[in-house]
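J.: Quick one: the structure is below, questions incoming.
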Amino acid sequence: MKLHKYQFLALALSATLVACNDFLEQEPPSYITPDNFYNTDVQVLATVDNLYPNVLPGHGRWDYGTYLNDNNTDNQMSWSPSSKFGTGLWTVANDNGDWSWTNIRNINYDLNKILAKFKAGSISGSSTNIKQYIGEMYFMRAYCYFDMLQKFGDLPIITEPLADNEAVLVAADKRQPCNEVARFIINDLDSAITYMTDNFESKHTRISTDAAQLLKSRVALYEGSWLTNFSGTPFVPLGNGWPGAAKDYNAGYAYPSGSIDAEAKYFFGKAVEAAEVVAEKYKGKLVTNTGVVPQAVDDAENPYFNLWGTTDCSKSPEILLWRQYSKSLGETNNVEVAVQHGNIGTGFTRSLVEGYLMKDGKPIYASSFAYSDNTVADVAANRDPRLSVFLKVPGQLNCFKNMAGSETHSVAEEPKPSIYDKTTEKGYVTGYAIRKGGTFDKALCDNGASYNVCVVFRATEALLNYMEAEYMLTKSLTAGKILEYWRIVREKAGFTGDAIDPNTTIGATDMSKETLDWGAYTAGALLTDKVLYNIRRERRSELLAEGLRNMDLQRWRSYDQLIATPAHTEGIHLWNTAMEGWYTSSQLVSDGSNSAVVSAKALSEYYRPHEVNMVNNNFSKGLTWHMAHYLQPLPLRQFLLTASDHATISESPLYQNPYWPTTAGSAAEQ
C-alpha cells in the first residue's frame, strides 16, 4: 500500500512514470546519468534540444501547425463543439490528463543539475552557449507554467525535483494564487533574458531574448486582464467565494501590490514594458501585405502571405521563433494537406468573417463599399487585406508549383465548399476555409509530406500587446505609442489612406451591430468603449488561426453572455443566395433527421454546422456556457492521494476550482 501511495503522489506532480523509483530515483531523461552527462556545452545542448518537441507548439511531427488551435471559439469551429459549450457534458473525473507535471518536472531536474555544475565551473565549452541553453530552459518552464495557468488558475510552484518523502510531496501540492504564479512565470522569463545572448541564433529557430520578452508581455497582459475582468469573483484571490481562502496556508494573503486593482496595473505595466522592447526593435522590419493571392509561378510574391506559406523563415526577422521541418530528416507535417482539403476539421465562422473591416477601414455596415455575402468571392471583395488573402475563394488555384508530381492529395483549384461531406477530409465545416499556411506547391501536398514552417512567435503580437496593455492602464487612445503601433499594424496589414487611421474605424463603429463577436463582451455585457473593442478587433483580425483566440476570450471574460443567450455557429450564407444553387437537392436535405445534410432554412439563412442532425443533438439550441468552464476541474484522485488519511478530500492541501464539485461524474454547479 505504501508503494502505491508514493507511486501516485509522484504522478500527482510528474504524471508519467510507472513506478516510484522511475520518478524519484532514476535520473530522467532515461538515457542520461548525472555522473557522465551535463559535462560539456554539447551535452547541455542535447538536453535542451530534447525538450523542444515536448514543450513548444508545432514542434512535434504529423500535426497541422497551430492552425487548429482556434477551434471551439467564435473564430473557428470543428464538426463537433467542445463539451464546454454544453450542459452536463463536461464532468469532474478521477483523472485529468492536463493536470500533468511531466515537462515541468523534467525541466526542473535538468535545470537544477546544469545550474549546479555551471556554478561549480564543471561544464566545459563556451560559457555563452551554456548560459544560452540555461536561459532556454527557464523559458520553457515559464511556457509550461503559463499553459497550466490558463487551464487551472492557482497552481503549486515547484522549482526542483522532489524527494521521495510523503510530507515533501504533499506540501508541494499547495496551490499558490494565480497572480503569484504569473509573477513566478515573469521571474523565470527575466532569468531567461538574463542568461541568453541577444541574437544568439540569427535564424530564430531557437528561443531568444526577444521571444522571452514577447511571452512576458503575453503572460502579463493575460494576468492583468484576468484580475480586472474577474475582480470580485471566486476566480481571483480574495474574491467572493475564492476556494483558496479555505486553506490555512492562504490565511492572511495580501496582494503584493496592495490591492487587486494595483496588482492588475502591475501586470499591465510589465506587459507594456516587455512589449515595447520587442516592438521598438522590429517595428521597422515588418513586411507588408500586398492583399494579393499569387495565382501563377510568375506572379509577384506576397511577403506577408509567405510568413506562413514557406518552408524557411530565416529571412523574415519579424518571426521570433519558428519550427523548421525537413523531409530528408523525416520531419514533416500535414499543414499543406489541410490547406488543400478545406482545412480538415476546422472552418472560419460568419462571426469572424463579418468582424473584418472593409478596405476603407470601416465595419461592413458603415462602409462606402457595399458588403455582400452572396458568394464567398463577394465576401472577400473590398475587405481587410488580411481576410482577402487568408479566406479561400472557389476558383482560386491552390497549387501551381511542381505540378508534375505524382501525389494524390492536392486540390489544384479551390472547389465550391462541400459542406454536405461529413465523412471525408475534403468536407468543409462552415463553408469558409483557411488559406493561412498554404504554399501553392503540389510537392508538399502528399499525406504527411509537408514541411511548411510552424510560426510560434512573431513580433507583430508585441505591438498589439502594447496597445491593449497601455490602453488598460490609461484609457487614452493617445497615450504612449498606441496610435503609432496601431497605424503600423494597419499599414503592414495592407490598408492604405484613411483606413490606416484607427479613428476611421472607431468613429464608424456601432456596438449594437457587433454582437456576433464574442470579444465585444466582458462579464456578459456588451462593451461601450469603442476604442477598447477595436483594439480587440484588431488583435482578432491580425492573429487569426494562430491559436490565441481562446486565451483572449478567457482573459476578457467573453463567454458569460452565452449563459443567457446561446450562440449559434454559422458559416456561409447558404439559403436564398447564389450559393444555394451550388448544390443538388440531395446535398441540401435539411429536415433535421439522421439523414439531414445541411441545417434548415427556417433556423437561419446561414449554414449552421452544429444544427444539421437535430436528433439527440446536445447543441440543437446553440452553444451555452457555465462559469465553472473558465477553468478545468482538478482530478479527484489527486485530492485523495494528498489527503492526510487518503480518503477525505477536504484534508488535501488542494482545493477544487470555482463551481466544480468534488464528486466524480458531476457537472458544473454554475
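J.: Given the peptides 560-567, 618-625, arrange them by the average over their residues of other C-beta atoms within 10 Å, most packed first. Working shown, then result.
T.: Details: 560-567: 15.8, 618-625: 17.9.
Result, highest mean Cβ count within 10 Å first: 618-625, 560-567.
J.: Counting only C-alpha contacts under 8 Å and six or more residues apart, can you give the relative contact order of the chain as a whole percent?
T.: Relative contact order here is 19 percent.
J.: Compute, for the stretch 96-214, the length of the dipole vector about the Cα centre, with Cβ point charges of +1 (Lys, Arg) and -1 (Asp, Glu) only. Units Debye, rounded to 20.
T.: The dipole of the stretch 96-214 has a size of about 260 debye.
J.: A further question follows. Work through the residues other than Ser418 whose Cβ is under 14 Å from its Cβ and net out their charges, Lys, Arg +1 and Asp, Glu -1.
T.: 0
J.: When a/c reaches 1.5 or more, the comparison of a/b and b/c decides; with that in mind, is the stretch 99-193 rounded, prolate or oblate per its Cα gyration tensor?
T.: Note, shape of the stretch 99-193 comes out oblate.
J.: Please pull out the direction-averaged projected area of the chain, using the convex hull of its alpha-carbon atoms, in nm² to one decimal place.
T.: Directional mean of the projected Cα hull area for the chain stands at 29.9 nm².
J.: Heads up, I need the accessible area for Lys327: 1.4 angstrom probe, whole protein in place, Å², nearest 10.
T.: 110 Å²
J.: Simple spin-label model, 7 Å along Cα-to-Cβ: Ala120 to Ser512 in nm?
T.: Placing both labels 7 Å along Cα→Cβ, they lie 7.3 nm apart.
J.: Then there's this: Among the aspartates and glutamates, select those whose C-alpha is under 14 Å from the C-alpha of Lys216, and discard any that sit fewer than 8 residues away in the same chain.
T.: Partners found: Glu136, Asp147, Asp188, Asp190, Glu273, Glu276, Glu461.
J.: Count charges around Tyr606 for me, please; just the other residues with Cβ under 11 Å from its Cβ, Lys/Arg as +1, Asp/Glu as -1.
T.: On the way: positive: Arg350, Lys601, Arg608; negative: Glu354, Asp373, Glu570, Glu605, Glu611.
After counting each charged neighbour, the total is -2.
J.: Sorted by accessible area with a 1.4 angstrom probe, largest first, how do Met403, Met137 fall?
T.: Met403, Met137
J.: Could I ask something else about it? What shape does the stretch 307-407 take by its C-alpha gyration tensor, where a ≥ b ≥ c are the square roots of the eigenvalues and a/c under 1.5 counts as rounded, a/b above b/c as prolate, and the rest as oblate?
T.: Working: a/c = 2.56, a/b = 1.77, b/c = 1.45.
Verdict is prolate for the stretch 307-407.
J.: On to the next question. Report, by chain and number, residues whose modeled amide H sits under 5 Å from the one on Ala93, excluding near sequence neighbours (fewer than 5 apart, same chain).
T.: Leu636, Gly665
J.: Per residue and in Å³, how big is the convex hull formed by the alpha-carbon atoms of the stretch 501-609?
T.: Taking only Cα atoms, the stretch 501-609 has a hull volume of 157 Å³ per residue.
J.: Calculate what fraction, in whole %, of the accessible area of the chain sits on carbon and sulfur atoms when a 1.4 Å probe is rolled over the protein chains.
T.: Here carbon and sulfur together make up 49 percent of the probe-accessible area.
J.: Okay, next question. Name the residues whose placed amide hydrogens come within less than 5 Å of the amide hydrogen of Met358, ignoring near sequence neighbours (fewer than 5 apart) on the same chain.
T.: Close amide H contacts, sequence-distant or interchain: Ile364, Asp384.
J.: Could the peptides 509-515, 531-537 be put in order, highest first, of the mean number of other beta-carbon atoms found within 10 Å of their residues?
T.: Values: 509-515: 14.9, 531-537: 22.3.
Listed from highest to lowest mean packing, they are 531-537, 509-515.
J.: So with the 1.4 Å probe, I'd like the accessible area per residue for the chain, rounded to whole Å².
T.: That works out to 36 Å² per residue.
J.: Only four residue types carry charge here, +1 at the Cβ of Lys and Arg and -1 at the Cβ of Asp and Glu. Report the dipole size of the chain about the Cα centre in Debye, rounded to the nearest 20.
T.: 340 debye
J.: Still on this model: With a ≥ b ≥ c the root eigenvalues of the C-alpha gyration tensor of the stretch 366-416, is it rounded (a/c under 1.5), prolate (a/b larger than b/c) or oblate?
T.: Values: a/c = 4.56, a/b = 2.74, b/c = 1.67.
Cα axes put the stretch 366-416 in the prolate bin.
J.: Cα-Cα over 18 Å: which of Lys281/Lys315; Lys513/Lys621; Lys84/Lys151?
T.: Lys513/Lys621
J.: Listed here are the pairs Lys285/Lys475; Lys359/Lys392; Lys285/Lys401; which of them are more than 21 Å apart at the Cα?
T.: Cα-Cα > 21 Å for Lys285/Lys475; Lys285/Lys401; rest within.
J.: Through the Karplus equation 6.51 cos²θ - 1.76 cosθ + 1.60, θ set to phi - 60°, convert the phi angles of the stretch 103-114 into ³J(HN,Hα) values in whole Hz; use x for Gly and Pro.
T.: 5, 5, 5, 5, 5, 4, 4, 4, 4, 5, 4, 5
J.: Beyond 16 Å, what share of the Cα-Cα pairs of the stretch 435-503 is found? Please give it as a whole percent.
T.: Percentage above 16 Å: 61.
J.: Of the peptides 273-285, 202-214, how do they stack up when ordered by the mean number of other Cβ atoms within 10 Å, highest first?
T.: Ranked from most to least packed, the peptides come out as 202-214, 273-285.
J.: Go through Asn39, Ala668, Met472 and say which Cα lies farthest out towards the positive end of the charge dipole of the chain; charges sit on Cβ, +1 for Lys and Arg, -1 for Asp and Glu.
T.: After comparing all options, I get Met472.
J.: Based on C-alpha coordinates, I'd like the Rg and Dmax of the stretch 41-175, in Å.
T.: In Å, with Rg to one decimal and Dmax whole: 18.6, 58.
J.: Something else: Using the Cβ atoms and a cut-off under 11 Å, what net charge is assigned to the surroundings of Leu574, where Lys and Arg are +1 and Asp and Glu are -1? Numbers along the way, then the final one.
T.: On the way: positive: Arg350, Lys601, Arg608; negative: Asp373, Glu570, Glu580, Glu605.
Residues close to Leu574 contribute a combined charge of -1.
J.: A follow-up question, please. Rounded to the nearest 10 Å², what accessible area does Thr194 show when all protein chains are kept and the probe is 1.4 Å?
T.: Accessible area of Thr194: about 100 Å².
J.: Under 8 Å for C-alpha pairs, at least 6 residues apart: give me the relative contact order for the stretch 190-297, rounded to a whole percent.
T.: Computed over the stretch 190-297, the figure is 27 percent.
J.: Going toward the positive end of the dipole of the chain, with +1 on Lys and Arg Cβ and -1 on Asp and Glu Cβ, which of Gly507, Leu149, His573 do you reach last?
T.: Checked the options; the winner is Gly507.
J.: List the residues whose amide H sits under 5 Å from the amide H of Phe348, counting only those 5 or more places along or on another chain, with H placed 1.01 Å from N in the peptide plane.
T.: Under 5 Å from the amide H of Phe348 lie the amide H atoms of Tyr432, Ala433, Ile434, each far enough along the sequence or on another chain.
The values are calculated or read from the model by the stated rules, or taken from the named source; none is laboratory data. This structure is a prediction, so every number in the text was calculated from the model and none was measured. Every residue, glycine among them, receives a Cβ derived from its backbone with ideal geometry; neighbour counts consider all protein chains shown. Surface accessibility is based on the protein's heavy atoms, side chains included, excluding ligands, DNA and RNA. Shrake-Rupley method; radii C 1.70, N 1.55, O 1.52, S 1.80 Å.
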